[in-house]
Structures are given as C-alpha cells and as structure tokens.
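Visitor: Please find one structure pasted underneath; my questions will follow.
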Amino acid sequence: MELSGIWKLMHYDVGEKKPMELAAPGFDDRFWVGASVPGDVHTALIERGIIDPPYYGHNDIKSRWVEQKEWWYRTTFTLSEISGKGERTEIHFEGLDTFASVYVNGHEIGKTENMLRSYRFDITRVIRKGWNSIAIRFDPLSIHYQDKELFDWSSYTKERPWIRKAAMNYGWDWGPRMVTAGIWGKVHVNQYRKARIENVQASTIQADQDLAIVHLTANVKKYHKEANCSVIIALKDQDGKVVDQATTPVEGGNAHLELRISSPQLWWTHDLGTPYLYQLEVRLFAEEEILDSYEEAIGIRTVELALQDAEGRDAFAFILNGVKVYAKGANWIPADHLIGSIPDQKYKDLIDLAASGQMNMLRVWAGGIYEKDVFYEECDRRGILVWQDFAFANALFPDFNHDFMENVRGEVIDNVIRLRNHASLALWCGNNEIDWLYDMKTASGDITSPFYGESIYHELIPEVLEELDPHRPYWPSSPYGAKDGYDANDPGSGDRHNWQVWHGSVYPRMSGEVPVLDYSIQGVSFKNYKQDDALFSSEFGMHASANRYTLEKNIPEGQFYWGSPEMAYRNKDTNHQKGILLMEGYTGIPKDIEEYMNFSMLTQAEGLKYGIEHFRRKQARNSGALVWQLNDSWPGTSWSMIDYELLPKASFYYGKRFFAPILLSLDYEPGEALKVWLINDTLELCQGTLELKVFTFDGEEVYSASIDAVAEAQSANCYITLEEAEVLRGRRAEEVIIELSSSTIEVPVNRYYLRDPKELVLPDTNLLVQVDEANSEVTVTAVGTLARFVKLELPLGNVIYSDNYFDLLPGEQKAVQIHHRHGAEIPWSALRVSALNARVSTIKDGLKI
C-alpha cells in the first residue's frame, strides 16, 4: 500500500520530548497539524497559515526558524494479514529529508542520513494484524555538522559538504536559503511471499534497423531458501504485441537472459525521429505461484560519447544509434526550492516547454537532486536526452571519512539502479565545476588543502558504474578536459562552461595560473561568445528579469520599481553590476522597471542567439549548446529562460528559432562583411533558395539577394558573403533590418540589426491590436513603421502564447494564439500589448477601445 495523503506534523526543540513518548503507538496527536506526503515541512506550514508564503518579499528570512527545530511526522495503517514463515513486510521510503529516525509501533527500525537516496526497512517483526503506527523524527541538520571540520572551499555555505542533501537548499546565486525537512518521496508498505524482484536492468547491446539485442538481468531477493524461482520476461510493442519473451531460472539471486527484436523501432530524440517506447514486463514465479512483478517503459537505442571525430580530431559528441546528435537545450535545476511538494504536472509542463522550444537535451545540474521518476519518464516520452550530474557541486567533500564514503556509495548505487533503464539517460557526470574550480582556487590561494572529494569522481563512481551500468558514458566533471597545459575549462578538449560572458572570467588560462576577472562592459559582453572555440558548450548564459506577473505577485506594494530593495532581493548573484554592465554596453542602462524588464530580456535573448548561432555555425567542431538555465526554483531574477510561474522569457521564444533543426544564420560584425549560413541538423538533405532582404524601418526594401543552396544532412555552410556597404545602398546601418527567409525550405524567418539597440534610430510606431476572445487569438499589426520587441502580457501564470517578443515590419500582422495550460479563464480585459517603440490601439469585437 502507498501511504500518501495527510499525515500529522509537529515541531519541538531538540531534546524537549523523549523520542519514545512521541513515537508511542497510542500517542495523542489530535492537536498536531496535517501535512501532505509526499511533501515537506515548509509547504505544510504555508498551507496551514503558520508561516507566510516564503517567496513573497523577504518572508523566506522569517521562516529560518524551521531549520532549527526537530520535526515529527505520524500516521497509521492497517494490515489484514501479517507475514508468516518465508514472508516479509517492508517499508520503503523513496525520499526522507535528511536525518530521520523511523519508528513502527514504537520500535525504532532504522535511521537515515541522506536526502538523495531511498531506504527500505524490514518491519516483519514489529507489525501486527490490524492497526499500526509510524512515527518519523527529523533532526535539525546543525546537530550533525556542528562538530565537523569546515573546509576552505564550499560555495555559499560552509556546513553543506558533510550533509547529503540538495545543495541549493542552502542558497545559490539564483535562489534563497531554504533548508527543508520532511518526507519528500513516496512511502510504501509491501508484503512479499518467498522472494521479490529487487531490480531489473535492461541494456541495449546492439541496435540497428534489422536487429536489436537487449540484455536483461533481474536481481531477486529470496526470503525462503528453498524457493525454486524463475522469471518470465516479455517485451511488448505499443500495440500490446509481444515482440520477444523468455523464461529463465533464478540462480544465485540473479536471472540473466537476452531478447532479440527483429526490425526494431528505435528510440530517437524528437528532432531526429520518434522516441519509441516498448513495455517491459517481468514476472517472478515459484513453481506456479506468482510472487512479484515489474513493468517499465524502455527505449531501444545505443548511446556513445565520441571524444574524437572521424578524422581523429578532438571532439565531444553524443552518438545516438550511430548518428551524431547536435545537443540543443539547457541546464535543469529543481523546479522549486520546496522539492517534495513539486507536483508531477509542473515537471510535465516544463518538459513540454523544452520540447516545444526545440530542445533535445537537458542537463540535470549537480546542486539539486537526482530527479523524480516523472522527469525521466517525460524525457523518455518526449525524446529529450538527459545529462545527469551526480550530486556534488562547487565544494570539497570529505572522501577521507569512511562513513561519509559509505553513505555516498549507497547514494550512487541507489540512483544508478533507479535510472539506468531510461532511454533518455545519455551521460553520467561526476560533479559540477569542482575539478576546474579547485585548480582556480588553489592558484589564487583560496584553497590550501588537498583535493578532498577527488576519489569520489575518479574512483568510487566509475567503479560502481562499471558494475551496474557499464554501457553508458561517464564524464568525471563539467567542465573537464585539459590539453597542452591549459585548465579544465579550455575549449581544446572536453566540455566547456563559458563564464567569460556575464562573470567576466578571462580566457585562455593555463592550469595553475592565477585567474583574472574583467568586470567591464567589454569583459562581460556576450560578443565574447564568438571567441569561444568549444567542442561542447555545457553552460553559458546571462540574466534576464522574470515576467511582470511573476514579479508583481511576489513583491510588496510600492516596491515594484527599478532599484528597489525588493527588486534587488530577487537577484542572488554575487555582483549585481554585471547585469548593468551588460545592458549598458548593449541597450543602455534602464531608467525604470519597464525598461529593465525589456532591456534585460532583450539582452539575454539576443545574446543567446548570438552565441548559439556561432556554436551551430561551427558544427564541424562544436556538438552542443546547453544554456544556463532552463527554469527557476523561485520567483527571482536569474539566467533562466522560463520563470517560476512557467512564463517563458523572450529568450525562450527566440530559442524556438535559434534551436530550429534547420536554421538560417547571419554572421556579421559592425562594418564587416555579412555571411549567410544554412545549418541543417536533420538527417536529410535540404535544398532550395535562400533570400536576404534589407528594409528601412519604414518598410522600404533597399536590397535583396537570392541564393541557391544545397545542404547535406548535418551540415553548416556559408553560401554568400556580402559587404556591408553593398547591402546598405547608402542607408545608415542604424536604420535598417536584415531578413533571412526561404519559401522553399522549412526554416524560420530570422531577422538581424546591424547595430546594437542603443545605437538604432527607432521611430515611434503604432500597434493595432485586435482581440478575438471566441477563438483565443490576438492579432497585432505594426502601423507606419517597424515595431521592435512586441510583448503580450496577462496577469496570470502558465499562459501559453504561440509567439511573443517578436518584431513586426510596417504593415505586418502576427496572429498569436493564447490559452492557459490548465484551462483557466483568460482575463482578456487585462491584456497588455507593448513594444519598445510603440503606442497601442486595441480593437475588441470590432469596436475600438
């Protein structure tokens, strides 16, 4: 049975009550508060009005007392029968946060010390027929680290290296400190006869259009030594037809067999094919009696990490079913600081946004969790590859401590076994930035200690993977790879994090060299992306404001203005000057909150477009671009492309174009030649006519060119080079827009300006807005002159716009479909439509309003 639903919750000071009093089966918990499981303490207190919503204003500070208390959960369950000889009753916790003591019927059955793993306890000897009780005590973390040594490096807080918990709970540069506690995973009570299936491993050994070979291992735990067990394994297609099956005895606790599938349907990323999933069914028998069963959707595919290309040059490329994938996507952080209470639907919504945004890979970042099952199931279903970090981020860890390392080993084993059958899982990665930053901080004198934690990523994890998941690539760290004496973040090998843009890190850098930061307009500018020769760009990005609704919902009245203390509190980055410098160099410094929202979003969107198109033009060398970051864990200002209320920022809509499988791209710099590129990531040849047009802002066409192009599968080529003076025809560069399009190739229209926004001479224009509520459609027309950065807004989260943050040529119309993801009514009267240079007229039902 699953023990979900409402439990009872209460807090005490440490030592205030004796554990056996609170754990006693008959304890009177009538006056405790209700708490949902799965969930967390904070969410329960919010729902009961005991603490104020912590994301509003500075309320997170007011809830800090939560992490200092001892928290108790209680519930009951009923068993119709208890286990007899050769039978077991077990309780399985998918997630306890973090140091917990578990009591059943007043008996302490075990302790936990790791949020990031699951626990299973045998409760056969303490349960009884009928009514039973469970009590769980969660200790404040401080009593488990207060006597531990502190290392000279642990980003954001010193205590976390000893605690196996989501690092971001202690605060990060995009979110507040909110140290959670509670039952964050599902709880099950299971009864077994004779034996149970511990786990199943399915590994694709071979896969092509003619034949797939899948090796299967079922690990079985026997409770009755004389039980003569066997397993039947069947693989069914999506029509329910068995494509292969086999029966094998269980010997030594394991059953091994091989399935052979003729003409298999392979699993592909959604941009390269269909993410086809089969249904794997495993049945455990003793004689004719069925003891246990297991079902899982699996994809048949092979995945490799190529560190050399066909010519023997350095590479970092994912090879799926023998085909190189250009990885397009983003880094994933937990969808909320209150991890236990994130609804499954939010995972589905975010992954739907990633897929609709043309992304084919998400990197699960090391400072969060090994994500919930629903995340990987959705990535399997939607055809999105997963780069999975192990949960070690930006710190030294005590690998010299036996107990700590055994804890880590259990964590690694648990999560490898849980996740290894997912078709979407493409790579295991040992940590986030630790190898790279250890060298930087040692060189700068910030670290004088040995590389504590090194054996985790370079010994323990590889050893476990060799045993439990040997057919999937492993990468020790991100970034990682050093060549010719350069540091681990050098573009010459491995993957790269580009934090020259935004953070001002100066590169190239030799290993052991003192790091240099350049906090200047030029030092943080996204124009530095074009100097990046990375093989794979696994982290890069820049801040942008959250959307208006997300900010106004969480900022106290009177504080929603540019430069307010509350707006500053939304930004957890270490140096707020970086964002100002970036805007100063590109859009100019904003004068008010409206300009801040627009300028920061425009800078992020155009900056990511500039960088990603550069990486994609270098497709022969660069094999991936993963933006930092996809999502937010709270309503703040960050690097995310989608804010906390699941409202995409401008960069997301830009991304639908710059991540498109076929892309037209203009490579240019002010005063230099214009180069027109066609990038084809598909597996098919494409050919047709490319068109370049130059318009003035009032719509006059001053230049056009047509180019015949043939693009081989998975190619990037320049098709024409034009001098700037030639296309301007005497016009000023500050007064024209370039449009790339094709009527014969399915490719999005792509538009460019030859100068930065602060240099453009944008005339005032008018927007005609027609609202058709019956069809949930808004049509926007630019009247007179070009409209720059047209933005539609509603005071509602989870709104889907078919397009947003777009430009319109004079007379051009754009019809935007609008709906709420979960069917909420659209408040049409509150619709706002604006542009950087526009006045607005609105027509509703044929009447001007």
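The values are calculated or read from the model by the stated rules, or taken from the named source; none is laboratory data. Note that the structure is a prediction, hence the values are computed from the model and not measured. Here the Cβ positions follow ideal geometry from the backbone for every residue, glycine too, while neighbour counts run over all protein chains shown.
Visitor: What single numbered condition from (1) surrounded by fewer than 24 Cβ atoms within 10 Å (Cβ to Cβ); (2) under 21 Å from GLU539 (Cβ atoms); (3) not charged (D, E, K, R) fails to hold for SER665?
Guide: The number of the failed condition is (2).
Visitor: Still on this structure: Would you check if ARG88 is among the basic types (Lys, Arg), surrounded by fewer than 16 Cβ atoms within 10 Å (Cβ to Cβ) and either over 22 Å from GLY368 (Cβ atoms) or at pLDDT 95 or above (or both)? Can you show your working first?
Guide: Working: among the basic types (Lys, Arg): yes; surrounded by fewer than 16 Cβ atoms within 10 Å (Cβ to Cβ): no; either over 22 Å from GLY368 (Cβ atoms) or at pLDDT 95 or above (or both): yes.
So ARG88 does not fit the description; no.
Visitor: If GLY523 meets every condition in (1) in contact (Cβ under 8 Å) with a residue 60 or more places away in the chain; (2) in a helix (DSSP H, G or I); (3) farther than 21 Å from SER651 by Cβ apart from one, which number is that one?
Guide: (1)
Visitor: Return a yes/no flag: does region 66-80 have any residue that is surrounded by 19 or more Cβ atoms within 10 Å (Cβ to Cβ), out of contact with any Phe, Trp or Tyr (no Cβ under 6 Å at 6 or more places or on another chain) and in a loop (DSSP other than H, G, I, E, B). Walk me through it before giving the result.
Guide: Kept after step one, since they are surrounded by 19 or more Cβ atoms within 10 Å (Cβ to Cβ), are these residues of region 66-80: 66-67, 70-75.
Okay, now just the ones that are also out of contact with any Phe, Trp or Tyr (no Cβ under 6 Å at 6 or more places or on another chain), so 66-67, 72, 74.
Subset that is in a loop (DSSP other than H, G, I, E, B): none.
No, because not a single residue in region 66-80 is surrounded by 19 or more Cβ atoms within 10 Å (Cβ to Cβ), out of contact with any Phe, Trp or Tyr (no Cβ under 6 Å at 6 or more places or on another chain) and in a loop (DSSP other than H, G, I, E, B).
Visitor: Among the residues in region 320-328, are any closer than 25 Å to ASP208 by Cα and touching a Leu at 6+ places or on another chain (Cβ under 6 Å)? Give the derivation first.
Guide: Initial filter on region 320-328 (closer than 25 Å to ASP208 by Cα): 320-328.
When the remaining residues are screened for being touching a Leu at 6+ places or on another chain (Cβ under 6 Å), the result is 321.
Yes: one or more hits.
Visitor: Pick from region 560-573 the residues that are without any contact (Cβ under 8 Å) to a residue 24 or more places away in the chain and not hydroxyl-bearing (Ser, Thr, Tyr): which of them is nearest to GLY636 (Cα to Cα)?
Guide: To start, the set of residues in region 560-573 that are without any contact (Cβ under 8 Å) to a residue 24 or more places away in the chain comprises 563-565, 568.
Okay, now just the ones that are also not hydroxyl-bearing (Ser, Thr, Tyr), so 563, 565, 568.
Numbers: GLY563: 14, PRO565: 13, ALA568: 9 Å.
My answer is ALA568.
Visitor: Can you pull out the residues in region 762-800 that are in contact (Cβ under 8 Å) with a residue 60 or more places away in the chain and closer than 30 Å to ASP632 by Cα?
Guide: Those that are in contact (Cβ under 8 Å) with a residue 60 or more places away in the chain and closer than 30 Å to ASP632 by Cα: PHE789, LYS791, GLU793, LEU794, PRO795, LEU796, GLY797, ASN798, VAL799.
Visitor: Could you check region 238-270 and list, in sequence order, the residues that are part of a loop (DSSP other than H, G, I, E, B), hydrophobic (A, V, I, L, M, F, W, C) and under 15 Å from GLY299 (Cβ atoms)? I'd like the intermediate steps shown before the answer.
Guide: Keep residues of region 238-270 that are part of a loop (DSSP other than H, G, I, E, B), which gives 238-241, 250, 252-253, 263-266, 268-270.
Those still in the list that are hydrophobic (A, V, I, L, M, F, W, C) too: 250, 266, 268.
Residues satisfying the conditions are LEU266, TRP268.
Visitor: Restricting region 168-220 to residues that are part of a loop (DSSP other than H, G, I, E, B) and among the charged types (D, E, K, R), which is nearest to ARG137 (Cα to Cα)?
Guide: At the first step, the residues of region 168-220 found to be part of a loop (DSSP other than H, G, I, E, B) are 171, 173-174, 176-181, 184-186, 194, 208-210.
Of the ones still in play, those that are also among the charged types (D, E, K, R) are 173, 177, 186, 194, 208, 210.
Values: ASP173: 31, ARG177: 22, LYS186: 17, LYS194: 32, ASP208: 52, ASP210: 55 Å.
In this case the residue turns out to be LYS186.
Visitor: Among the candidates TYR376, TYR370, which residue alone is under 22 Å from MET115 (Cα atoms), outside any loop (DSSP other than H, G, I, E, B) and within 12 Å of the chain's Cα centre (by Cα)?
Guide: TYR376
Visitor: Here is a follow-up. Is there any pair linking a residue in region 716-737 that is under 25 Å from THR785 (Cβ atoms) to one that is of a type outside the set (Val, Ile, Thr) and surrounded by fewer than 16 Cβ atoms within 10 Å (Cβ to Cβ), with Cβ under 6 Å and at least six apart or on different chains, and which?
Guide: These pairs meet every condition: ALA733/ARG755; GLU734/ARG755; GLU734/GLU759.
Visitor: Can you report the number of residues in region 96-140 which are within 16 Å of GLY410 (Cβ to Cβ), assigned to a loop (DSSP other than H, G, I, E, B) and touching a helix residue (DSSP H, G or I) at 6+ places or on another chain (Cβ under 7 Å)?
Guide: The total comes to 3.
Visitor: Take the residues in region 296-313 that are part of a loop (DSSP other than H, G, I, E, B) and over 24 Å from the mean Cα position of the chain (by Cα); name whichever of them is nearest to GLN191 (Cα to Cα).
Guide: Of the residues in region 296-313, the ones part of a loop (DSSP other than H, G, I, E, B) are 299-302, 309-313.
Of the ones still in play, those that are also over 24 Å from the mean Cα position of the chain (by Cα) are 309-313.
Working: ASP309: 52, ALA310: 54, GLU311: 57, GLY312: 56, ARG313: 56 Å.
Checking each candidate, the answer is ASP309.
Visitor: Looking at region 494-520 only, could you name the residues that are touching a Phe, Trp or Tyr at 6+ places or on another chain (Cβ under 8 Å), surrounded by fewer than 20 Cβ atoms within 10 Å (Cβ to Cβ) and among the hydroxyl-bearing types (Ser, Thr, Tyr)?
Guide: Selection gives SER511 alone.
Visitor: For GLY579, which of the numbered conditions (1) at pLDDT 95 or above; (2) assigned to a helix (DSSP H, G or I) fails to hold?
Guide: (1)
Visitor: Are any residues in region 271-295 modelled with pLDDT of 95 or more and assigned to a loop (DSSP other than H, G, I, E, B), and if so, which ones?
Guide: Residues satisfying the conditions are ASP271, LEU272, GLY273, THR274, TYR276, LEU277.
Visitor: In region 535-551, is there at least one residue being surrounded by fewer than 17 Cβ atoms within 10 Å (Cβ to Cβ) and either of a type outside the set (Ser, Thr, Tyr) or modelled with pLDDT of 95 or more (or both)?
Guide: No, the conditions are met nowhere in region 535-551.
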